[in-house]
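See structure below.
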Amino acid sequence: MKNYQISEETDLDVVNLALDTIKKEKQALVFVNTKRSAEKEAETISFKTEINDKRLEKISEDVLKVLSRPTKQCERLARCIKKGTAFHHAGLAPKQRELVEDAFRDRLVKIICCTPTLAVGVDLPAFRTILRDLKRFGTHGLNWIPVLEYLQQSGRAGRPKFDKYSESITIAKTKGDKDIIHKIYINGEPEDIYSKLAVEPVLRTYLLSLIATDFVNSRKQIVEFFSKTFWAYQYKDMHQLEIIIDKMLNLLEEWEFIKSSREEFVSADEVEDTNLKPTLLGKRVAELYLDPLTASYFIKCLRRAGNDVVKDFPLLQMVCHTLEMRPLLRTRVKEYAKVEEMLTTYDTYMLDKEPSMYETGYEAFFDSAKTALFMNDWVDERDEEYLMEEYNIRPGEIKAKLDIADWLFYCTEEISKLQQFHEIIKHIKKMRARLKYGAREELLPLLRLKNIGRIRARKLFGNKIKTIGDVSKSDLTKLIQILGKATALNLKKQVGQEVKEVKKNKRKGQKNIEDY
DNA sequence: GGACGGTGAAACTTCAGGTTGCCTC
DNA sequence: GAAGTTTCACCGTCC
């Protein structure tokens, strides 16, 4: 352990450490416990650095171009990057994350303030890691983070190629904290690892896939298989495990994903066994890697829809009320009325049944409706800044939620095919396209064109160009006015009307691109 | 006397992240 | 539980 003094240019420990890192011509990662803190910390440091670099200015500009209209978050990140700092968390648009990571690898950005996003997955070693917060908000207020996480974060320090040694620094806020940090993190042992197989959704999914792939085809084989897993090794009580497995098998059969049949003959030394076979539906659910509970829930909803009219909001709420979509957006007290109103409006169209106020799932149901509300606004062409203000959801989180929704809708589509719910498939296809682009239905024809997103499609639509046919008919001059030259020419090309670029030997009456 | 701006205490709000799947020629 | 943000009372200054 080294002992040295760091110059105190400010009265903020993290800022001093960051400035010291830069002075040493090194880089650091600062780990904090919230997205908001990551942004604030990066900004505070950025006010104190004396970095000016043309390359950083370029990256800063790129960061602003990622969305159709930069949000306040984009602008804040851009300002930080200009000064050689950045923040990094799951709320960043994927492209921005990439820009930040690359800039750090290129040693242009010196300090990244981040949430644990950077502790796992991404390989971004630094000379120094600064762990500002070792406590995080959990079920019982603030808790110390697991030792394993501490190791993950501090382990980001160390670049064998560049440095002879590296540093991981934690900041204690009180003398008491200092002692605790020493005891549990620096001198302590990491926690034991526990098998995730015991978690019901994982077990259900895994059990079904074992049967669906013919890896096992009887109850006995299943028990045998699980007895060899880490789960059984840790759990020790195999009898208890069998009870859990039976419970799951019963559910899978009840949901019609598997069929069981008793064997006719039972030899003297063998115990009774049950044959297990997947149904067609069960096979597909397993292939989709979808939690069987979610699959059976979708089927219930689809049955309820029958041949009735399907509306957007109920469809969105259906996919939001799943384990896959968690964590859901939380409904704040003052928002209850708004959510309630939406639920009342669509009362007769809801595919999912509203639990009574006294049931345990009541709150989750409301949250699923609020999450659906956000998606509904997205397909109503609201932009990222609006969604941030209204729902406190950032671009990166929007993308993640929409991706899950798309996957779940795809699964719904596949299940609908097998269950002969043909009517609803076209609605789902439409909704998937709208979620992808964040657009109203009327823009869908135009969105099939390349290089046309919701912004350009809306511009065209506003100019009475509403279909691909309209694009063909439309005058090139007008298209150029709306979209600019490059895009307009590209569009014409896509509809099979290539405008040749004639540079010389221009005949009378024939126009050059330059003429426009 | 009133508009304005700066300051700081108090009240209020919010709180990490992630894997799976299929394909659009 | 605590950081970060918002709100609001309070005070001084200037016109």
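One residue stands out in the range A:120-140 among those that are under 19 Å from residue A:189 (Cα atoms) and buried (at least 19 other Cβ atoms within 10 Å of the Cβ): the one that is nearest to DNA strand C (Cβ to nearest atom), namely A:134.
Every residue, every condition in (1) in a strand (DSSP E or B); (2) in contact with a strand residue (DSSP E or B) (Cβ under 8 Å, 6 or more places away or on another chain), yes or no:
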| residue | (1), (2) |
| --- | --- |
| A:101 | no, yes |
| A:104 | no, yes |
| A:109 | no, yes |
| A:112 | yes, yes |
| A:121 | no, no |
| A:124 | no, yes |
| A:130 | yes, yes |
| A:133 | no, yes |
| A:136 | yes, yes |
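Under the condition of being assigned to a helix (DSSP H, G or I) and surrounded by fewer than 17 Cβ atoms within 10 Å (Cβ to Cβ), the residues counted in the range A:207-234 number 7. Only one of the numbered conditions (1) of a type in the set (Phe, Trp, Tyr); (2) within 16 Å of DNA strand C (Cβ to nearest atom); (3) part of a helix (DSSP H, G or I) is violated by residue A:87, and that is (3). Residues considered: A:68, A:46, A:7, A:37. Of these, the only one that is among the small types (Gly, Ala, Ser) and buried (at least 21 other Cβ atoms within 10 Å of the Cβ) is A:46.
Restricting the range A:138-162 to residues that are charged (D, E, K, R) and assigned to a loop (DSSP other than H, G, I, E, B), the residue that is nearest to residue A:45 (Cα to Cα) is A:156. Checked against (1) over 25 Å from residue A:197 (Cα atoms); (2) not in a helix (DSSP H, G or I), residue A:317 passes all but condition (2). Could we say that residue A:69 is more than 22 Å from residue A:124 (Cα to Cα), among the basic types (Lys, Arg) and either over 22 Å from the mean Cα position of the chain (by Cα) or not in a helix (DSSP H, G or I) (or both) here? Criteria met by residue A:69.
The residues on offer are A:104, A:87, and the sole one that is touching a Cys at 6+ places or on another chain (Cβ under 6 Å) and either more than 10 Å from DNA strand B (Cβ to nearest atom) or closer than 15 Å to residue A:60 by Cβ (or both) is A:87. When A:181, A:112, A:169 are checked against the criterion of being buried (at least 17 other Cβ atoms within 10 Å of the Cβ) and within 16 Å of DNA strand B (Cβ to nearest atom), A:112 stands alone in meeting it. Taking the criterion of being assigned to a loop (DSSP other than H, G, I, E, B) and away from DNA strand B (no atom under 16 Å from the Cβ), the residues of the range A:20-59 that qualify are A:24, A:25, A:26, A:27, A:48, A:49, A:50, A:51, A:52, A:53.
Considered as a group, the residues in the range A:1-19 that are assigned to a helix (DSSP H, G or I) and of a type in the set (A, V, I, L, M) include one that is farthest from DNA strand B (Cβ to nearest atom), and that residue is A:19.
A single member of A:307, A:376 is assigned to a helix (DSSP H, G or I), away from DNA strand B (no atom under 16 Å from the Cβ), touching a helix residue (DSSP H, G or I) at 6+ places or on another chain (Cβ under 6 Å) and of a type outside the set (Asp, Glu), and it is A:376. Residue count for the range A:141-177 satisfying the condition of being within 16 Å of DNA strand C (Cβ to nearest atom) and in contact with a helix residue (DSSP H, G or I) (Cβ under 7 Å, 6 or more places away or on another chain): 4.
Working only within the range A:320-359, note down all residues that are part of a loop (DSSP other than H, G, I, E, B), in contact (Cβ under 8 Å) with a residue 12 or more places away in the chain and within 22 Å of the chain's Cα centre (by Cα). Across the range A:320-359, the qualifying residues are A:321, A:322, A:328, A:329, A:330, A:331.
Looking at this structure, is residue A:400 assigned by TED's automatic domain parsing to the domain that holds residue A:314, within 24 Å of residue A:310 (Cα to Cα) and either in contact with a Leu (Cβ under 7 Å, 6 or more places away or on another chain) or away from DNA strand C (no atom under 16 Å from the Cβ) (or both)? So residue A:400 does not fit the description; no. The set of residues in the range A:10-62 that are polar (S, T, N, Q), within 16 Å of DNA strand C (Cβ to nearest atom) and without any contact (Cβ under 8 Å) to a residue 60 or more places away in the chain comprises A:10, A:16, A:44, A:46.
The values are calculated or read from the model by the stated rules, or taken from the named source; none is laboratory data. These figures come from a predicted structure and were not determined experimentally. We place every Cβ from the backbone using ideal geometry, glycine too, and count neighbours over all the protein chains shown.
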